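To start, the structure under review is shown below, and the notes come after it.
Here, each number is a calculation from the coordinates, and none is a lab measurement. Owing to the predicted nature of the structure, the values given are computational and were not obtained by experimental measurement. A quick note on method: Cβ atoms are made from the backbone with ideal geometry, for glycine too, and the neighbour counts reach across all protein chains shown.
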Amino acid sequence: MPARKLFVAGNWKMNPANVEAARALAAGVRDGVGTSAEVEVALGCPAVYLSAVSEVLSDSPIGLGGQNMYWAKDGAYTGEISASMLLDQGCTHVILGHSERRHGMGETDEQVNKKLKAALEAGLYPIVCLGETLEERESDRTEAVVAAQLQGSLAGLTPEEMNKVVLAYEPVWAIGTGKTASPEQAQAVHAFIRKKLGEAFGEKTAGLVKIQYGGSVKPDNALELLSCPDIDGALVGGACLKAADFLAIIEAGKKASASK
Ligand code: 13P
């Protein structure tokens, strides 16, 4: 067993098209995972499906995540959803700072930080996403960008709080493009993130925090990626919309765990 149990999460994004399809997809994953706990598994679903998916996943070890939330507890915030509302719908996790929110909706590190603190306070396990764009990589700014995102998004957290946070390194150029970071490229950034965590929170916490890789993870590249020493799981987009593909990635995680 590796020091950090591998964690494979699916990010359904704005899919599937209706609640029946959401139930069916969740049931396919639930049935394939069974009671197996060798790899931690969670599904990040659109808010409107959370209650239905939570029902499907009851009695299963699979976690349930929202894909975003707002930091205030309640009040006049039209269209927003609070941490306690996610908990009420059966969530255990919440994805924060996804690149589609950072780049598509203008979410800042400061906002991600406020959401992160509110999620932790409510008792949700946050998955905080970060990663560079193609332009940033090509101009050799990957480490500077990732370091700034870490500093801004995780500002003010104690080591104890940080132990409850999962990070997801998702190079923006690899998301939904079919271009995966090579295991060497991904491992190098993961090792850099862990080094930065050590500087900010101490070696013990840096050794405990799980860092998922995300960006075109598929059944045929998952084993190689998940076998890297600092890659502790995957945040899967497109390939999690087919239960069989997502289950194949979970299987790759089990194999990778056995050799870590
Ligand atoms: P893809 O797996 O579709 O590239 O998406 C990755 C992602 O954004 C997961 O959050």
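Points to keep in mind about this one:
- Distance histogram for the stretch 146-260 (every C-alpha pair counted, 10 angstrom bins, percent rounded to whole numbers): 15, 45, 31, 10, 0
- Of the residues VAL172, ALA27, PRO61, the one whose Cα sits farthest toward the positive end of the charge dipole of the chain, with +1 on the Cβ of Lys and Arg and -1 on the Cβ of Asp and Glu, is PRO61.
- Under 5 Å between amide hydrogens, built in the peptide plane, is the criterion, and for ILE95 it picks out GLY66, GLN67, ASN68, ILE127 among residues at least 5 positions away or on other chains.
- Euclidean distance of C-alpha centroids, the stretch 27-61 and the stretch 146-196, integer Å: 25
- Applying a DSSP loop filter and a limit of 15 other Cβ atoms within 10 Å to the trypsin sites (Lys or Arg not before Pro) in the stretch 7-92 leaves LYS73.
- Computed magnitude of the charge dipole of the stretch 119-260 (debye, nearest 20; Cβ of K, R +1, Cβ of D, E -1): 400
- Over the chain: helical MRE at 222 nm, DSSP H runs n ≥ 4 each giving -39500 (n - 2.57), nearest 500: -12500 deg cm²/dmol
- Estimated FRET transfer efficiency when R0 is 30 angstrom, pair ASP31-GLU143 (beta carbons, to 0.05): 0.10
- Between amide H atoms placed 1.01 Å from N, distances below 5 Å from ALA234 occur with PHE7, VAL8, ALA9, TYR213, all of them 5 or more places distant or on a separate chain.
- Length released on extending from GLU203 to ALA188, taking residue separation times 0.36 nm less the Cα-Cα span: 3.6 nm
- Residue-wise HN-Hα couplings along the stretch 229-238, as the Karplus relation 6.51 cos²θ - 1.76 cosθ + 1.60 with θ = phi - 60° gives them from phi, are x, 9, 9, 10, x, 9, 10, 10, x, x Hz; Gly and Pro carry x.
- Within the stretch 1-110, GluC sites (Glu not before Pro) in DSSP loop having at most 16 other beta-carbon neighbours inside 10 Å: GLU38, GLU80
- Pairs over the 29 Å Cα-Cα cut-off, from the set LYS73/LYS179; LYS114/LYS196; LYS114/LYS254: LYS73/LYS179; LYS114/LYS254.
- Rounded if a/c under 1.5, otherwise prolate or oblate - the chain, Cα gyration tensor axes: rounded
- Near ALA168, the amide H atoms lying under 5 Å from its own belong to VAL128, CYS129, LEU130, GLN212; only residues 5 or more places off or on other chains count, and H is placed 1.01 Å from N.
- Placing unit charges on the Cβ atoms only, positive for Lys and Arg and negative for Asp and Glu, gives the chain a dipole magnitude near 280 debye about its Cα centre.
- Radius 9 Å from Cβ of PRO126, net charge of other residues (Lys, Arg +1; Asp, Glu -1): +2
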